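Have a look at the structure below, then the notes.
The values are calculated or read from the model by the stated rules, or taken from the named source; none is laboratory data. All values derive from a computational prediction rather than experimental measurement. Here Cβ is always computed from backbone atoms with ideal geometry, including for glycine, and neighbour counts include all displayed protein chains. In case anyone asks, the SASA skips ligands and DNA or RNA and just uses the protein heavy atoms, side chains included. Shrake-Rupley method; radii C 1.70, N 1.55, O 1.52, S 1.80 Å.
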Protein chains: 4
Amino acid sequence: MVDFNWPDNARCAVMLTCDFDAESLWYSEDASAHRKPSILSQGAYGPKRGIYKLLDVFRDFEIPASFYVPGSTVENHTAAIEAVLKEGHEVGHHGHMHVWIDPEDPAKEIEEMDQGLAALKRCVGVVPKGYRAPAATSSDRTIQLVHDRGFLYNSGMLDDYVPYRHKLEDGTDGPIELPFHWQLDDSALSLYIIQEQSTILTNDHIFQVWKEEFDALYEWGGLVNFTLHPQISGRPARNMLLRRIVSYMREQQDVWFATGTQIAEAFAAGMAHPAK
Amino acid sequence: MVDFNWPDNARCAVMLTCDFDAESLWYSEDASAHRKPSILSQGAYGPKRGIYKLLDVFRDFEIPASFYVPGSTVENHTAAIEAVLKEGHEVGHHGHMHVWIDPEDPAKEIEEMDQGLAALKRCVGVVPKGYRAPAATSSDRTIQLVHDRGFLYNSGMLDDYVPYRHKLEDGTDGPIELPFHWQLDDSALSLYIIQEQSTILTNDHIFQVWKEEFDALYEWGGLVNFTLHPQISGRPARNMLLRRIVSYMREQQDVWFATGTQIAEAFAAGMAHPAK
Amino acid sequence: MVDFNWPDNARCAVMLTCDFDAESLWYSEDASAHRKPSILSQGAYGPKRGIYKLLDVFRDFEIPASFYVPGSTVENHTAAIEAVLKEGHEVGHHGHMHVWIDPEDPAKEIEEMDQGLAALKRCVGVVPKGYRAPAATSSDRTIQLVHDRGFLYNSGMLDDYVPYRHKLEDGTDGPIELPFHWQLDDSALSLYIIQEQSTILTNDHIFQVWKEEFDALYEWGGLVNFTLHPQISGRPARNMLLRRIVSYMREQQDVWFATGTQIAEAFAAGMAHPAK
Amino acid sequence: MVDFNWPDNARCAVMLTCDFDAESLWYSEDASAHRKPSILSQGAYGPKRGIYKLLDVFRDFEIPASFYVPGSTVENHTAAIEAVLKEGHEVGHHGHMHVWIDPEDPAKEIEEMDQGLAALKRCVGVVPKGYRAPAATSSDRTIQLVHDRGFLYNSGMLDDYVPYRHKLEDGTDGPIELPFHWQLDDSALSLYIIQEQSTILTNDHIFQVWKEEFDALYEWGGLVNFTLHPQISGRPARNMLLRRIVSYMREQQDVWFATGTQIAEAFAAGMAHPAK
């Protein structure tokens, strides 16, 4: 028995999202990275090769995806974002320099938010409806700020497996939340950071982790919120993995593949709601 | 040949315990977590969703469980603890704010102990018989304190695989110990902490680890002391895993499923004792 | 084609060693551990339960083993070492308080060496022939010191897969080396340290790692030098694993199971030597 | 459909490279390692045993390999490098003391470069055509320096899966890049560092990771750039793994096994180039 009703009696919703950090991911890890081209080259793979490999997959399976794009990425790799838009995918907000939100530095949080908005508008004419913070960071002001900037939805909390609506401090309605979990994040399973001696897993292992999570959410009627990165799932072996898990999900019946905006709009319209 | 005799000639005892840390687990990891709602949301999943998924499992298999609950959890999520009690499970003590015990700060240890006791009494009327310290921490005063506060048993040592009775410094009897090991702890196998690049394992892997430990303890006649967390084993894939391992254990013959209190009382009554 | 000739035309030699650190392993990890009984209880499992489970395995398979014992272990758990000796196993030296050797502190290195020697002599009358440093640490004085104290062999280097003889700084012969590698160390594969979020592996995984190393050394004619710990391989699941790998090696033809002293003596006598 | 054209219509190119760090790898990890012979012995395995085991594999499969050798290795282990050269393999540059490049210390970067060049020339008469920085480190001056010293190619970037040519700051052509990725690096999968509690993987696991990457690059027509270390892939089990993956690749059709120099020269000559 499902916990949540989805449009057209779907059993569950699948949301394929891509955090398009490019080089900015590495600034967050190492402040001196801008002078280390080999470190940056890990992120540069994204706009150079990875993004097009991801677009190939989504096109082959005819699935609309949601790309959360830092302002620095759209400024430095505008053509890549234009390619994303040209194929009809959603473009959302993902900070400007991928700076992790720090509750002690509210000015920086606002700066990142507003620079990112400005860059998306200026470079590709996008006013984003969805916001995802870098590395799932947040402050006690984030949800209010997301609301104030007019976003329809946020995707950065881990306290549910179905969408819900945030309440603001004054008790009024805030943005819709599309929660995620690390278990469906390719960086948690496959980002290699040399200083941390990450364990490199097989595709079989990661496929199994993802299949188990999908199968459980399919049974519970939940939101399957994948977080991908062009610099990870656009690499050779991992791109094959992405095809494999998407193919598996495609074969199941009554799965709704949608962008974040489509899901949030269905929720806002009362077409996606708790079963009881 | 077994090392230990259990009631009704059981081959071994299985104790399903849940450390219901909720948000407090994350305060222990990051002192600024109270201003980071996305960090806290990992713990908030427990009282919001996870606990009910665990209760579903225990109800379906008709197994009584033991919940060790910090005072802050019972204060902030009283309804969840009431649901636990309503289904007949045991509620024990697990600190107040999940502060790790520090031998250099005895006042804090006592404060955590007494605030936790007061909260359990005030919010749900429980006087707990079992104590488990946060993250298996301890000081050289802990066992005496557990004794002084009148607990029947402690569950936080790793020096045995069957129950035993602590000796106090003056040579007299202290509380009964129900020892555990990380191998049967879902946080050791499945808690994802982004800063530590934890390896995300498959259900097959974790099932196998748990099955191997159960099988060995079944052969030795030991205590199978599982430590679960609503925010971990209440998540989609891991909840399926819990069903799978409980189902496996249920299929074995002569397994005694009991709460910590039931086991400690059997030990105290001489109905659970070393074989020789 | 093998690289090394072993007595009786054996294909390879297997040396089962146990570092009997007990509580002292945890002092090395955390200087305040002496006031944290739950931390220490991980090590206390060794002399209380683990050692007897290891002895059961060696007895069942009729294999002589080598136990490297810190002075503090023999002082605090004399009965356990007596049990080891009673079954005919070798007892060697493993420091006194398991202090990691620091090249900057030569006085401490000598103190650990001499206190350990004194404790072994005083408590169980043993003058050890083999030395293994805690955690494979060393200084530029260690080999000379091992020589000066009259040891037949050292087991702490990783630069070969067959025995060899150390040269001292003055060019004369030093002790024989029985090299090891982490791949055959149960602590590298199965010691859980909560602060480090170690990955808990399955028995199948560890068995496979060990089988692969054994198979390769069997083909090359090398020394299979297992490092076990009572607090690890004496635990339930891991003890089954130990039985499984020993059983596998037992089934192979022409494997020489021997203690460190037996191997070093064969080397000294010219009965174990490079093939060319 | 392939992205890149290789000589003789090969589907992909395979480049087996060895970073011959020997003891110098451990100086990078621990500045006091020169006084810790057991730490150094991990690296000493390379020139003593590992290198000959690697040469055995390359000889058996008749594959030319590329060895990137720090100046300190060729000074301290000249015979090992002579053995490499005698079998017709390429010898390239890998720093002098394996010092990680630091953008804040340009003098050190130049010193490491020039000392390494001098040592290769003096000890074995080699003027290297390829450069690989220690641990894939770099500064914003590295590519210019590699160009100024007359190298044909660099192998240290991760932003592509096929060769490309660097552009210098003045817009002119720089060295050819032969990019790599950690997924094909034996140190990322199998270097054990005790302080970091690395997870020890099975050969099956690592074989699968490597096979998946090879298969994907075979399909895409990419460069399969393996990074091996004599102290890792020259050890017993891992040497069997190397034979297994090389054997697998050998069985595939139309695979071009070549040294870095051969691949870079084909690129320079226009015989290896993007398909469109």
If I go through the range D:2-49 residue by residue, how many of them are touching a residue at least 12 places away in the same chain (Cβ under 8 Å), open to solvent by 10 Å² or more (accessible area, probe 1.4 Å) and aliphatic (A, V, I, L, M)? 6
Hey, does the range C:249-263 have a residue that's within 11 Å of another protein chain (Cβ to nearest Cβ) and modelled with pLDDT of 95 or more? no
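Would you point out which residue out of D:Ala269, D:Ala275 is within 22 Å of D:Pro175 (Cα to Cα), open to solvent by 10 Å² or more (accessible area, probe 1.4 Å) and touching a strand residue (DSSP E or B) at 6+ places or on another chain (Cβ under 6 Å)? Don't jump to the end; show me each part of the working.
Working: D:Ala269 fails: touching a strand residue (DSSP E or B) at 6+ places or on another chain (Cβ under 6 Å).
Checking each option against the conditions leaves just D:Ala275.
Take C:Phe207 and decide whether it is closer than 27 Å to C:His166 by Cα and modelled with pLDDT of 95 or more. First the steps, then the outcome.
Numbers: closer than 27 Å to C:His166 by Cα: no; modelled with pLDDT of 95 or more: yes.
When the stated conditions are applied, C:Phe207 does not pass them.
With respect to A:Ala135, determine if the residue is within 14 Å of chain B (Cβ to nearest Cβ), assigned to a helix (DSSP H, G or I) and within 17 Å of the chain's Cα centre (by Cα).
Values: within 14 Å of chain B (Cβ to nearest Cβ): yes; assigned to a helix (DSSP H, G or I): yes; within 17 Å of the chain's Cα centre (by Cα): yes.
Yes.
Here is a yes/no grid of residues against (1) in contact with a helix residue (DSSP H, G or I) (Cβ under 9 Å, 6 or more places away or on another chain); (2) surrounded by fewer than 19 Cβ atoms within 10 Å (Cβ to Cβ); (3) among the hydrophobic types (A, V, I, L, M, F, W, C):
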site: A:Lys129; (1), (2), (3): yes, no, no
site: A:Ala133; (1), (2), (3): yes, no, yes
site: A:Ile194; (1), (2), (3): yes, yes, yes
site: A:Leu201; (1), (2), (3): yes, no, yes
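Quick check, is B:Ala264 surrounded by 23 or more Cβ atoms within 10 Å (Cβ to Cβ), under 27 Å from B:Leu152 (Cβ atoms) and out of contact with any helix residue (DSSP H, G or I) (no Cβ under 9 Å at 6 or more places or on another chain)?
Details: surrounded by 23 or more Cβ atoms within 10 Å (Cβ to Cβ): yes; under 27 Å from B:Leu152 (Cβ atoms): yes; out of contact with any helix residue (DSSP H, G or I) (no Cβ under 9 Å at 6 or more places or on another chain): yes.
Yes; evaluated as a whole, the condition is true for this residue.
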Can you pull out the residues in the range A:212-245 that are within 14 Å of chain D (Cβ to nearest Cβ), among the charged types (D, E, K, R) and under 23 Å from D:Thr199 (Cβ atoms)? A:Arg235, A:Arg238
Those residues that are surrounded by 24 or more Cβ atoms within 10 Å (Cβ to Cβ) and either within 12 Å of chain C (Cβ to nearest Cβ) or in a helix (DSSP H, G or I) (or both), I need them from the range D:50-74; list them, please. D:Gly50, D:Ile51, D:Leu54, D:Gly71, D:Thr73, D:Val74
Hits in the range B:75-107 (condition: on the phi > 0 side of the Ramachandran plot and open to solvent by 20 Å² or more (accessible area, probe 1.4 Å)): B:Gly88
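In the range D:146-248, which strands (runs of 3 or more DSSP E) lie fully inside it and hold 2 or more residues that are of a type in the set (Asp, Glu)?
On the way: elements: D:164-167, D:173-177, D:223-228.
Output list reads D:173-177.
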Could you list, ordered by first residue, the pairs with Cβ atoms under 8 Å in which the first is in the range D:190-211 and within 9 Å of chain C (Cβ to nearest Cβ) and more than 17 Å from D:Arg235 (Cα to Cα) and the second is open to solvent by 40 Å² or more (accessible area, probe 1.4 Å) and modelled with pLDDT under 95, at least 6 apart or interchain? D:Gln197/C:Glu196
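Please state which one of B:Phe214, B:Phe207, B:Phe180 is surrounded by fewer than 22 Cβ atoms within 10 Å (Cβ to Cβ) and aromatic (Phe, Trp, Tyr). Before the answer, list the steps.
Numbers: B:Phe214 fails: surrounded by fewer than 22 Cβ atoms within 10 Å (Cβ to Cβ); B:Phe180 fails: surrounded by fewer than 22 Cβ atoms within 10 Å (Cβ to Cβ).
Step by step, each of B:Phe214, B:Phe207, B:Phe180 is checked, and only B:Phe207 is surrounded by fewer than 22 Cβ atoms within 10 Å (Cβ to Cβ) and aromatic (Phe, Trp, Tyr).
Look at the range A:27-49 and say how many of its residues are within 7 Å of chain D (Cβ to nearest Cβ) and in a helix (DSSP H, G or I).
Residues of the range A:27-49 that are within 7 Å of chain D (Cβ to nearest Cβ), as a first pass: A:32, A:35-38, A:41-42, A:44-45, A:48-49.
Okay, now just the ones that are also in a helix (DSSP H, G or I), so A:35, A:37-38, A:41-42, A:44-45, A:48-49.
Total meeting the criteria: 9.
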Near pairs, Cβ below 7 angstrom, 6+ apart or cross-chain, from the range C:87-107 (closer than 25 Å to D:His34 by Cα and within 14 Å of another protein chain (Cβ to nearest Cβ)) to any residue that is part of a loop (DSSP other than H, G, I, E, B) and open to solvent by 20 Å² or more (accessible area, probe 1.4 Å): C:Trp100/C:Thr137; C:Ile101/C:Thr137; C:Pro103/C:Asp140; C:Pro103/D:Ser32; C:Pro103/D:Lys36; C:Pro106/C:Arg141
Filtering the range C:249-267 down to residues that are in a helix (DSSP H, G or I) and under 20 Å from the mean Cα position of the chain (by Cα) yields C:Met249, C:Arg250, C:Gly260, C:Thr261, C:Gln262, C:Ile263, C:Ala264, C:Glu265, C:Ala266, C:Phe267
